[in-house]
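A short worksheet on the structure shown next.
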Amino acid sequence: QIETLESVKDILESERHTVDSCLSAAEAWDFIKTYKYDLFIFDWEMPQTSGIELLQKYRTTGGSTPVIMLTGRKETPDKIAGLDQGADNYLTKPFESSEL
């Protein structure tokens, strides 16, 4: 997970985006409540609380910032669940940097 996190961060920073990264949904929620963002990227497999649960919580509290689910879950039912819960896009690992 940390390798993917660092990869995504490097890709986005190379495109001159400012990136905050978190290792857990709890830490991410603290950032979400504190700062304004243009985009969120959630991994389904996050420690303690899953990324899909974080997405649900964010959307049910009125969050409208676009969210990309970036996950190893490749099955169609997972993709549908992620989009149904409010993800704006669903990208599976492994991925090409140009795809992100």
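The values are calculated or read from the model by the stated rules, or taken from the named source; none is laboratory data. Only a predicted model underlies this, so the values are computations on that prediction, with no experimental measurement involved. Positions of Cβ are generated from backbone atoms using ideal geometry, with glycine treated the same way; all protein chains shown enter the neighbour counts. Just the protein is used for accessible areas: all its heavy atoms, side chains included, with ligands, DNA and RNA removed. Shrake-Rupley method; radii C 1.70, N 1.55, O 1.52, S 1.80 Å.
Rank these residues by their accessible area, most exposed first, probe 1.4 Å: F42, F31. Present the calculation step by step, with values, prior to reporting the outcome.
Details: F42 10, F31 55 Å².
Listed by decreasing accessible area, they come as F31, F42.
Taking all protein chains in place and a 1.4 Å probe, what share, in percent, of the accessible surface of region 1-98 do carbon and sulfur account for?
On the way: 2940 of 6300 Å².
Percent of accessible area from carbon and sulfur atoms in region 1-98: 47.
Rolling a 1.4 Å sphere over the protein heavy atoms, what is the accessible area per residue of the chain, to the nearest Å²?
Numbers: 6460 Å² over 100 residues.
I get 65 Å² per residue for this part.
For the pair R59/S21, report the inter-label distance in nm, with labels modelled 7 Å from Cα in the Cβ direction.
2.6 nm
Kindly list the residues of region 40-54 that lie in the label zone of K93, defined by a backbone N under 16 Å from the point 7 Å along the Cα-to-C-beta vector.
41-52, by backbone N distance to the label point.
What is the local net charge at M69, summed over the other residues whose Cβ is closer than 15 Å to its Cβ (Lys, Arg +1; Asp, Glu -1)? Don't skip to the answer; put the middle values down first.
Numbers: positive: K57, R59, R73, K74, K79, K93; negative: D43, E45, E53, E75, D78, D84, D88, E99.
With Lys, Arg at +1 and Asp, Glu at -1, the neighbours total -2.
Give me the one-decimal Kirkwood hydrodynamic radius in Å for the chain, with the sum taken over alpha-carbon pairs. Provide the component values of the computation, followed by the final result.
Numbers: mean 1/r = 0.0729 Å⁻¹.
Its Kirkwood hydrodynamic radius stands at 13.7 Å.
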